[in-house]
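Worksheet: the structure to be examined is printed underneath.
The values are calculated or read from the model by the stated rules, or taken from the named source; none is laboratory data. Please read these numbers as outputs of a predicted model, since none were measured by experiment. Cβ placement follows ideal geometry from the backbone for every residue including glycine, while neighbour counts extend to all protein chains displayed. Areas reflect the complete protein model, heavy atoms only, side chains present, ligands, DNA and RNA absent. Shrake-Rupley method; radii C 1.70, N 1.55, O 1.52, S 1.80 Å.
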Amino acid sequence: MASARTRSALRSMGFENIRFALRSILVQRLRSFLTLLGIVSGVATVIAMVSFVAGFNDAITGAFSSFGTTLVQYQKYDPRFGGGPTGPPEEQRRRRNLTVEDAQALKRLNTLAAAVSPERYLNLPALAASTTFKNRKGKEANGPNLVGVVPDYAAANNAGIADGRFFTEADITHSARTIVIGPDVAEALWLNRDPINQELLVNGIPFRVVGLLEKRGSFMGGSADNIALIPFSTFDEMFPDVKNSNGDTIHIATVPKDPQGMQAMMDQGISILRTRRGLKAKDPNDFAIYTSEGQLETFRAITGGIAGAMILIASIALLVGGVGVMNIMLVTVTERTREIGVRKALGATRRDIGTQFLVEAVTLTGVGGAIGIGVGLGIAMLVRLVFDFPAAAPLWSIALGFGVSTAVGLIFGLWPALKAAKQNPIEALRYE
């Protein structure tokens, strides 16, 4: 029974200390505000940065998933971000090109692959810029990405058909003037109309729209829906300069029959290409391998590095805030020396005095943490609304922000609390 009364008294004392601390904050508004600036800015930075990184990672994961998480693509050059003015390194330029024959060998020998898709891209800037896509009324699409493909493209790239059909082997054999377009192209040329069987002029050459791709959304700052696909053979007839300029190099996309067998399929594909190229066991691959999972890991490493740098900056702000809290609590102990003496004369123990000032410090930084969380969430929401940037603060980041702020109060409030607890009651009562 006595133990229960003791616990109740301690709880009551704790609540009283918190109320007293909140009253002190309200009475000394300006001083409290200046003290909490470091805490608020540090916690707000953590919350905002975690929101941006988490939202960006979710968006990137969703974007890569729309292309298929089991996609394995073989290409001449390593994937790069931003391109750069000098192009691929010399070592990569010396690599042998991937050819249609390589793709045919993979399709024939890779028993674990469900689809093998050789793809030709309109990657000559001048040619791409001069290529036009118009309807019969002269309305023009906004520079869609043109790709020469085979029927396996749809399965290898997780490209669903919303309306119409995809290419058949007959389209490839006869170099048909058929085209499959993305939603952005359909909207630009035939707003609110069915594009199937419409005529699309590519550089003035008429193509019949046979299929409409499912919407994928934006990806890496551009729209994945602004795309036009034509048969691989038709592409080579229309743009022989592309084939001649890059020495017949292509991208080869593959996807496994069993999602769990992605690594085994990739290993088998690498073995087939190395054998065709006569590479020895000690020789490195003379081709690049692109996987969605690999690119996701690269993006996460980049965003993780950015987050780490911002958290370091936030830690400095929290350290400055903690020093400010210690300073103001030491001033508070000095101002209330006589009060400490009175409390000790009335029977308060060292523990009671130390706990009071420690609770005040933790309450002070806790309030700063709560304000910082609100500011961080507000920044994330504002950026999301104004710039349409994905930002989503997970619950753990909010708990972490509040926990860190109270921990700062606990650490930096400890010395002032000990100083208050060690005050001599007689000297404290004499203090003026």
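Miscellaneous remarks
- Pairs, first open to solvent by less than 60 Å² (accessible area, probe 1.4 Å) in the range 334-356, second among the hydroxyl-bearing types (Ser, Thr, Tyr), C-beta under 7 Å, six or more apart: Thr337/Tyr431; Gly341/Tyr431
- Yes/no for Gly143 being assigned to a loop (DSSP other than H, G, I, E, B), over 24 Å from Phe287 (Cβ atoms), in contact with a helix residue (DSSP H, G or I) (Cβ under 8 Å, 6 or more places away or on another chain) and modelled with pLDDT under 90: yes
- Residues that are open to solvent by less than 20 Å² (accessible area, probe 1.4 Å), at pLDDT below 80 and more than 20 Å from Thr363 (Cα to Cα) number at least 1 in the following helices (runs of 4 or more DSSP H) confined to the range 1-115: 29-66.
- Listed by first and then second residue, the pairs linking a residue in the range 279-294 that is on the phi < 0 side of the Ramachandran plot and crowded, with 16+ Cβ neighbours inside 10 Å to a residue that is at pLDDT 90 or above and of a type in the set (Ser, Thr, Tyr), with Cβ atoms under 7 Å apart and 6 or more places separating them unless they lie on different chains, are Phe287/Tyr74; Ile289/Tyr74.
- Restricting the first member to the range 39-53 and to residues that are over 11 Å from Met310 (Cα atoms), and the second to residues that are open to solvent by less than 30 Å² (accessible area, probe 1.4 Å) and not in a helix (DSSP H, G or I), the beta-carbon pairs closer than 6 Å and six or more apart or on different chains are Ser51/Ala391; Phe52/Ala391.
- When each of Arg300, Arg276 is tested for being at pLDDT 85 or above, of a type in the set (D, E, K, R) and surrounded by 15 or more Cβ atoms within 10 Å (Cβ to Cβ), the lone residue that passes is Arg276.
- Matching residues in the range 173-193 - criterion: being open to solvent by less than 30 Å² (accessible area, probe 1.4 Å), within 22 Å of Glu237 (Cβ to Cβ) and more than 30 Å from the chain's Cα centre (by Cα): Ser175, Ala176, Thr178, Ile179, Val180
- Residue match in the range 247-260 (condition: open to solvent by less than 60 Å² (accessible area, probe 1.4 Å), without any contact (Cβ under 8 Å) to a residue 60 or more places away in the chain, farther than 30 Å from Ala141 by Cβ and assigned to a helix (DSSP H, G or I)): no
- Matching residues in the range 151-169 - criterion: being among the β-branched types (Val, Ile, Thr) and assigned to a loop (DSSP other than H, G, I, E, B): Thr168
- Contacts under 6 angstrom Cβ, first residue in the range 119-146 being free of Cβ contacts under 8 Å to residues at least 60 places away in the same chain, partner outside any loop (DSSP other than H, G, I, E, B) and not basic (Lys, Arg), 6 or more apart: Lys139/Leu189
- Scanning the range 382-399 for residues that are surrounded by fewer than 17 Cβ atoms within 10 Å (Cβ to Cβ) and in a helix (DSSP H, G or I) yields a count of 8.
- Residues of the range 284-294 that turn out to be over 14 Å from Tyr74 (Cβ atoms) and either out of contact with any helix residue (DSSP H, G or I) (no Cβ under 9 Å at 6 or more places or on another chain) or at pLDDT 90 or above (or both), as a count: 1
- For the range 325-337, the condition of being of a type in the set (Lys, Arg) and at pLDDT below 80 holds for at least one residue.
- Boolean, Ile340 is modelled with pLDDT under 90 and either touching a Lys or Arg at 6+ places or on another chain (Cβ under 8 Å) or at positive phi (or both): no
- Look at (1) part of a helix (DSSP H, G or I); (2) farther than 29 Å from Asp58 by Cβ and you find that Ile302 fails only one, number (2).
- In the set Val325, Val375, Val320, only one residue is in a helix (DSSP H, G or I), in contact (Cβ under 8 Å) with a residue 40 or more places away in the chain and open to solvent by less than 50 Å² (accessible area, probe 1.4 Å); that residue is Val325.
- Some residue of the range 168-184 being in contact with a Phe, Trp or Tyr (Cβ under 6 Å, 6 or more places away or on another chain) and of a type in the set (Lys, Arg): yes
- Hits in the range 343-362 (condition: among the hydrophobic types (A, V, I, L, M, F, W, C) and in a helix (DSSP H, G or I)): Ala345, Ile353, Phe357, Leu358, Val359, Ala361, Val362
- Scanning the range 189-211 for residues that are assigned to a loop (DSSP other than H, G, I, E, B) and either closer than 19 Å to Ile161 by Cβ or at pLDDT 95 or above (or both) yields a total of 7.
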